[in-house]
Amino acid sequence: MADSASQRVLLTGGSSGVGFEAAKVLSAQGHELTILCRNQATADQTLSQLSGSARSVTCDLADLSAVEEVCNQLLADETALDALVLNAGLQYAGASEAQFSAQNIELTFAVNQLAHQLMAMRLLPLLQRAARPRLVITASEVHNPGSGAGKVGKPADLGELEGLRAGAGFAMLNGSARFDGNKAYKDSKLCNVLMARELNRQLDAAMPVIAWSPGLVITRNSGGFFRYNKRSNPLGMGAFAFVARDLLRITESVDNAGRLLAQLVNDPEIPTGFSYFTNKVVSFGGHRLEPTDTSVEGADLQKAEALWQLSAQLITRSLST
């Protein structure tokens, strides 16, 4: 059941894919959106397609300095946030060489996790001013080695966070010097789950902290974060999309995944505390969003705290240089 009252929602990754579809739903419902976009052209295009109240803020999530600047702007506004939706993500499927952010941090981790942790660290005061705040983080079932998608290729595994402990310049979080783009994405989604766990601990379960998996979302033009994979391996991505979407019919449509994200943002029946939802395949081409257990590593509260603390230290060092 959706909440009819207007909410103030900050959304990352709202210019394409699942995030854009969610933005269309939330905007049409009358919620006040603030959408982070990479550049002004993207912002203008996004806002032109929304029917309700929305504004854009230009921010490159691959640059922690830009994220910090945006957070300072939002804090200066002193406007409460009803929902913080950390949805943006990228994946370099098949890549064997790491790419690095403005602060020399492996790009998948920098965008999918570190930028979002910085936003959570800075913007929690705005959430805590709202009457019924919530945090929503887009993770993925690939974080779980026991899931179907998690079994393909090397599984998510953060080890003892050896790479992160070494500081900027690491290729993989577990300390491996050999980069694997698929595993880096899985690891980042495991980090998203652990971030949600740690935020819930810090907040003492005072608000809903929701991590979720939208399922395997592939658009007809391989949009969303799959655009990076299409550039590096167009034939492979095309074949994968055809089999998964058209033959096996295990994929979810981008518009329905967006509706599910909007539902998680404004459903008042979701309880306070940590929740993990998965958009499960339940029939040939059918899906159902339901509460699910995370992986064992995704439930490791000690690792969640260590990940948060080491990431916070990396953010501090990166912003001070």
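Read-outs: derived from the displayed coordinates by stated rules, not from any lab. None of the values given here were measured: they were computed from a predicted structure.
What's the tally of Lys pairs in the stretch 8-320 whose alpha-carbon atoms lie under 15 angstrom apart, where the two lysines are 8 or more places apart or on different chains? List each step's numbers first, then the result.
Values: 151/183; 151/186; 151/189; 154/183; 154/186; 154/189; 189/303.
For the stretch 8-320, the number of qualifying lysine pairs is 7.
Starting from the Cα gyration tensor of the stretch 1-102, multiply each eigenvalue by 5, take the square root, and state the resulting semi-axes largest first in whole Å.
25, 17, 12
On the principal axes of its Cα set, how long, how wide and how thick is the stretch 8-320? Give whole Å, largest value first.
Computed over the stretch 8-320, the largest-to-smallest principal extents equal 46, 44, 38 Å.
Using amide H atoms built 1.01 Å from N in the peptide plane, name the residues 5+ places from residue 252, or on other chains, whose amide H lies under 5 Å from its own.
Long-range HN contacts for residue 252: 216, 217, 218.
Could you please tell me the mean projected area of the C-alpha convex hull for the stretch 62-105, averaged over all directions and given in square nanometres to one decimal?
Computed as one quarter of the Cα hull surface, the answer is 4.1 nm².
Can you give me the long-range amide H partners of residue 100? Hydrogens built in the peptide plane at 1.01 Å from N, cutoff under 5 Å, separation of 5 or more residues or another chain.
107
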